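For reference, the structure is listed below as structure tokens.
Read-outs throughout are calculated quantities, based only on the coordinates presented, and are distinct from any laboratory measurement. None of the values given here were measured: they were computed from a predicted structure. Please note: Cβ atoms are built from the backbone with ideal geometry, for glycine as well, and neighbour counts cover all protein chains shown.
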Amino acid sequence: MTDAHGIPLVAHLTAANRNDITELLPMVDAIPPIGGRPGRARRKPRRVQGDRGYDSRHHRDQLRQRGITPVLARRYRPHGSGLGRTRWVVERTLAWLHRFRRLHIRYERLPVVHEAFLHFGCILICWNFLQRAE
């Protein structure tokens with residue numbers, strides 16, 4: 001899960017055959033408090049965007065109960081929802097993670113080691129954002 005600029009906020013490692021929607025609510029709940037402006041840090045995003053893989057009435061209702069507006073593409077509808085204009089940020093972050101050889105092809109047998117490399121890749125992406133901000 002990334003913010004609107006592509007900075008990774010939460011990264012979970014799951015099996016390849018798990019559906020994306022099973023991780024939606026745990027990832028939203030795992031978002032750390034984000035500060036930067038005066039006042040109390042935000043604990044939740046205003047809205048969550050996702051592709052058709054996240055379309056579910058139950059999950060939409062759960063997000064609304066948390067005070068989050070779901071912006072999820074609907075299944076069985078024609079393309080053209082407009083999410084592609086902002087979805088590319090997430091795809092770009094995934095491409096940045098795949099630049100790291102240890103993440104592009106999984107060489108490790110232990111999931112703990114692969115997850116450590118995943119978090120390290122996210123740290124490097126955040127570091128690059130900080131370097132550009134200076």
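Considering only GLN131, VAL112, THR69, and ranking their Cα positions along the charge dipole of the chain that arises from unit charges at the beta-carbon of Lys, Arg, Asp and Glu, the one farthest toward the positive end is THR69.
Relative to the compact globular guide of 2.2 N^0.38 Å, what is the alpha carbon radius of gyration of the range 20-133, as a ratio? Numbers along the way, then the final one.
Details: Rg = 16.4 Å, N = 114, 2.2 N^0.38 = 13.3 Å.
Relative to the 2.2 N^0.38 Å estimate, the range 20-133 comes out at 1.24.
Which whole-angstrom value gives the distance between the alpha carbon centres of the range 47-72 and the range 100-117? If we compute the Cα centre of each part, the gap is 30 Å. Here the Karplus relation 6.51 cos²θ - 1.76 cosθ + 1.60, evaluated at θ = phi - 60°, turns the backbone of the range 6-21 into coupling constants of x, 7, x, 9, 9, 9, 10, 9, 10, 5, 5, 9, 7, 6, 4, 5 Hz, with x for every Gly and Pro.
What shape does the range 1-82 have by the C-alpha gyration tensor, where a ≥ b ≥ c are the square roots of the eigenvalues, rounded means a/c under 1.5, and otherwise prolate means a/b greater than b/c and oblate the rest? It would help to have the intermediate numbers written out before the result.
On the way: a/c = 1.82, a/b = 1.47, b/c = 1.24.
Here the range 1-82 falls in the prolate category.
A helix-only calculation puts the chain at -13000 deg cm²/dmol for mean residue ellipticity at 222 nm, using -39500 (n - 2.57) for each DSSP H run of at least four residues, averaged over all residues.
For the chain, the longest stretch holding no trypsin sites (Lys or Arg not before Pro) located in a DSSP loop with at most 15 other Cβ atoms within 10 Å is which?
110-134
Put a plus charge on the Cβ of each Lys and Arg, a minus charge on the Cβ of each Asp and Glu, and nothing anywhere else: the dipole of the range 20-133 about its Cα centre is then about 480 debye.
Relative contact order of the chain: 25 percent, from C-alpha pairs under 8 Å at least 6 residues apart in sequence.
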